[in-house]
Structure formats: C-alpha cells, structure tokens
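Everything below concerns the one structure shown next.
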Amino acid sequence: MLELKLENVTKRFGDKIAVDGVNFTWNNGVYGLLGENGAGKTTLMRMLCGLLRPDSGRICFQGEEVSRMGARYRRILGYLPQDFGYYPDFTAQRYLKYLAQLKALPPHVIPDKMEEIWELTGLQDAKNKRLKGFSGGMLRRLGIGQALLNDPKVLVLDEPTSGLDPKERIRFRNVISSLGKDRIVLLSTHIVQDVEFIADQIFIMKKGRLLAGGKPQEIAETVRGKVWECLVDEKWAARLQQRYAVDHLKYQDGQVYMRVLSQEPPVADAKACEPGLEDVYLFYMMIPEAKDPT
C-alpha cells in the first residue's frame, strides 16, 4: 500500500498564506481536490511535486520526506501541470520519445511503453502528426501520456480538463478513472463533474485550507438539511438571491423554482432536498450569512 502524507504543510507568498496547515494521508486511489481559482490547489500540487518547498510542515512518501529523496522521488512521480510545454513542430511520437529520454527510461523499454500510451490515450492514429495541429483535447491526452511514461506511483494532475469540450472531458475522465488501482492519483479542479464519478475521495479547498473530505456520499451528508427547494414569485426570487446561495433557478408558469442553500428554510413552505456534491461545493464556496428575506 502506497502512502503520501502531509503534516501541517504551510506555504506563504509575502503576507498571503496560500496553503494553511494542511494535514492528510493519501493511499492508492483517485482523489479529487475541488476549489475555486486562488484556493491554493496549484501551490499544493507544486509542493507535492517538489517544485516548491513548504515554509513549514513535511511531505513524506512511504515515510520519507520527499525533499530528501530527490531524484528517487522524481522517478516515481508523474505530473501534468495546468499549462504544460511542448514543441509545436514535434510529432507526438517524437515528443514522447524525447520526454522518455529526459526521464531516463532504459532505451529498450521505450517502444513498448509508448505503445501503451497510444492505446490508453486513443492517439494511435495521430502519433505521427505535428503537435501544432492537435486540438486542446488531444494535447491534454498527450499530457497525461507523458506523465505516465515512467509508470509513476504518484500521479498529479492540475486542472487537467481546463478548456476541453464536454466530449473530451468525458473521455479524459474515463482515462483517469482506470489509473488509481496501483498508484495515488491526485486530480485538482474547480469543475465538480470532473471528480464526482471517478474519485474515490473528494476534498474541498478554500483559502488554503481543506474544509471537507471523504467519499462523495459522505461529504454530501455534511450539507443534509441545508438544501431546500421552493416555488416563489419573481419578487421573492430576487430577495432570496440577495440573501442565499442559489444552486438552481428555473422560471415556470409565472413562478420561479429555486434550489437554495441555507442553514434554515428560506421560506415557510420550503422542502428539504437530497444533497449532491454540487450542493456541497456551492455551500462551502459561496454561502453567505443568511438573513430573513422580508
């Protein structure tokens, strides 16, 4: 069983605390890290990859600090940053071979490993095309391919579906979901659907802190009794939007159906709803202090 452990990890940039005393232990599986832009996700990912060092706290793999492991840690690490670099005039095959050499893969294993990557990413028919002709989705699939070249035990994916169309996002999620059996996969995103169906556990990050974490069903329970639906007129709908976080809003037959996040019923006849992961995310990210909408 693999173990990647964070112990009171903190990182500051000037007066700003980007990551604030994070503690957690990850084992084999796919983990989703949800948070809006600026929540500290990328800073945390970069520390996990050894690109930044914590100001305090420790990051350990199998009980050893990654900062002391050096090249030994990099050999078991795969990383897909939000914006990864590539040479536009390279073909996909040349690009992967080049990165395989940079990762110091033995020459005799490179051909077989590249064939595995083509099959996994579905890029067999495009491997001899120049990267400047690749779509955004094809580049992201190539990005995860390069991260897997060294068969990493720790795979870190930072906003991997950013800018993709719905079809490519679904395809990308299907690729990721198959990777957590014998490795630790950390997926950072602000898109709830990207982790809802593939992550074994999900964590919500806000202002550098982990606010909630667990299996999707478990963290949905944290907002049970705080998700309400109601049918009101347009005047009341406007008032409620000023005072509560509104998950869904739909006009129907001269009235407004609303799904509202609140500690208490937003109106007298509001009914409690079954919570979902999107409700959890919105609750932790957006819910203001509720006031009586009169």
Point to revise | Length added when fully stretched, Gln93-Glu234, from 0.36 nm per residue minus Cα-Cα | key: 45.0 nm
**Study point:** Å² per residue, accessible surface of the chain at 1.4 Å
**Key:** 50 Å²
Check your understanding: Can you give the angle from 0 to 90° between the axis of helix 234-243 and the longest principal axis of the chain, with both taken from C-alpha atoms, to the nearest 10?
Key -> 60 degrees
Check your understanding: Carbon and sulfur atoms: what percent of the 1.4 Å accessible area of segment 167-273 do they account for?
Key -> 45 percent
Study note, to complete from the structure: Helix 136-147 sits off the longest principal axis of the Cα atoms of the chain, rounded to the nearest 10 on a 0 to 90 degree scale, by 60 degrees
Point to revise | Cα gyration tensor shape of segment 75-173, rounded if a/c is under 1.5, else prolate or oblate by comparing a/b with b/c | key: oblate
Exercise for review: For Lys206, tell me the accessible area in Å² from a 1.4 Å probe, rounded to the nearest 10.
Suggested key: 50 Å²
Point to revise | Isotropic mean projected area of the C-alpha convex hull, segment 14-75 (nm²) | key: 5.0 nm²
Review point. So what does the Cα-only Debye profile of segment 21-146 read at q = 0.11, 0.15, 0.22 Å⁻¹, as log10 I(q)/I(0), no solvent term?
Key: -0.49, -0.86, -1.32
Point to revise | Protein accessible area in segment 1-123, 1.4 Å probe - carbon and sulfur % | key: 47 percent
Practice item. Calculate the radius of gyration of the Cα atoms of segment 187-233 to one decimal place, then report Dmax, the largest Cα-Cα distance, as a whole number, both in Å. Key: 13.1, 41
Exercise for review: Please work out how much length the chain gains when fully extended from Asn27 to Glu3, using 0.36 nm per residue of separation minus the C-alpha to C-alpha distance, in nm with one decimal.
Suggested key: 8.2 nm
Practice item. Using only Cα atoms, tell me the angle between helix 277-286 and the longest principal axis of the chain; keep it within 0 to 90° and round to the nearest 10. Key: 80 degrees
Exercise for review: Collect residues whose amide H, placed 1.01 Å from N in the peptide plane, falls under 5 Å from the amide H of Ala212; neighbours closer than 5 in sequence don't count.
Suggested key: Ile204
**Study point:** Rounded Å value of the spacing that divides the Cα centres of segment 65-97 and segment 148-204
**Key:** 17 Å
Study note, to complete from the structure: Per GNM of the chain with C-alpha springs under 10 angstrom, the most fluctuating residue out of Ile184, Ile170, Ile198 is Ile170
**Study point:** Rounded FRET efficiency, nearest 0.05, which uses the C-beta distance separating Met286 from Asp112 and R0 of 45 Å
**Key:** 0.40
Revision key, fill the gap. Amide H neighbours of Arg183 at under 5 Å, excluding residues fewer than 5 places away on the same chain, with H built from the backbone geometry, are Gly29
Exercise for review: Would you kindly derive the ³J(HN,Hα) couplings of segment 50-56 from the backbone phi angles with the Karplus curve 6.51 cos²θ - 1.76 cosθ + 1.60 (θ = phi - 60°), listing them in order in whole Hz, with x for Gly and Pro?
Suggested key: x, 7, 10, 10, x, 6, 8
Practice item. Note the per residue figure in Å³ for the convex hull of the C-alpha positions in segment 147-292. Key: 136 Å³
Review point. With respect to the cross-link table entries Lys5/Lys113; Lys41/Lys132; Lys97/Lys206; Lys127/Lys215; Lys41/Lys153; Lys103/Lys129, which display a Cα-Cα separation exceeding 31 Å?
Key: Lys97/Lys206; Lys127/Lys215
Review point. Taking one equal scatterer on every alpha-carbon of the chain, how large is log10 of I(q)/I(0) by Debye at q = 0.09, 0.12 1/Å?
Key: -0.52, -0.84
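The values are calculated or read from the model by the stated rules, or taken from the named source; none is laboratory data. Every value quoted in this text rests on a predicted model; they were computed, and no experiment measured them. A quick note on method: Cβ atoms are made from the backbone with ideal geometry, for glycine too, and the neighbour counts reach across all protein chains shown. For the accessible areas, the whole protein counts, side chains as well, though only heavy atoms, and no ligand, DNA or RNA atoms are used. Shrake-Rupley method; radii C 1.70, N 1.55, O 1.52, S 1.80 Å.
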